[in-house]
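What follows is calculated from the coordinates using simple rules that are stated; it is not laboratory data. All values derive from a computational prediction rather than experimental measurement. Heads up, the Cβs are rebuilt from the backbone with ideal geometry, glycines too, and the neighbour counts pull from every protein chain shown.
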Amino acid sequence: MSDLDRKGAENRAKGMAKEAEGKVRDTVGDAMDDTSEQLKGKAQQVKGKAQQGLGKAQQGVADAVDHHDKHKHDTPKR
């Protein structure tokens, strides 16, 4: 596993946790009729989703680089 792939997995996991925490804050804010807490929860959910997206992109780049490195000797020379 490359460093970029590892960082991607880490960002995806942290993003999922952040999104889950945001959902809890949103739900608590709703139950307590606290609009501010709801908005903070929604914002945290968005941050979590963005961090997951970053992680997914990092892993995609790592996979592409790995694939390229494995097959760079397969192309015929002209």
For the range 52-69, in order, what is each residue's ³J(HN,Hα) by Karplus, 6.51 cos²θ - 1.76 cosθ + 1.60 with θ = phi - 60°, in whole Hz (x at glycine and Pro)?
-> 5, x, 4, x, 4, 5, 4, 5, x, 5, 4, 5, 5, 5, 4, 4, 4, 5
Round to the nearest 10 and give me the degree value, 0 to 90, for the angle of helix 3-31's Cα axis relative to the longest principal axis of the chain.
-> 20 degrees
Working from the alpha-carbon coordinates of the chain, get Rg over Rh, Rh being the Kirkwood radius.
-> 1.34
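What is the chain's relative contact order, in percent, from Cα pairs under 8 angstrom and six or more apart in sequence?
Numbers: 91 pairs, mean separation 31.8, N = 78.
Relative contact order here is 41 percent.
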Using label points projected 7 Å from each Cα along Cα→Cβ, tell me how many nm separate Thr27 and Val65, to one decimal.
-> 3.8 nm
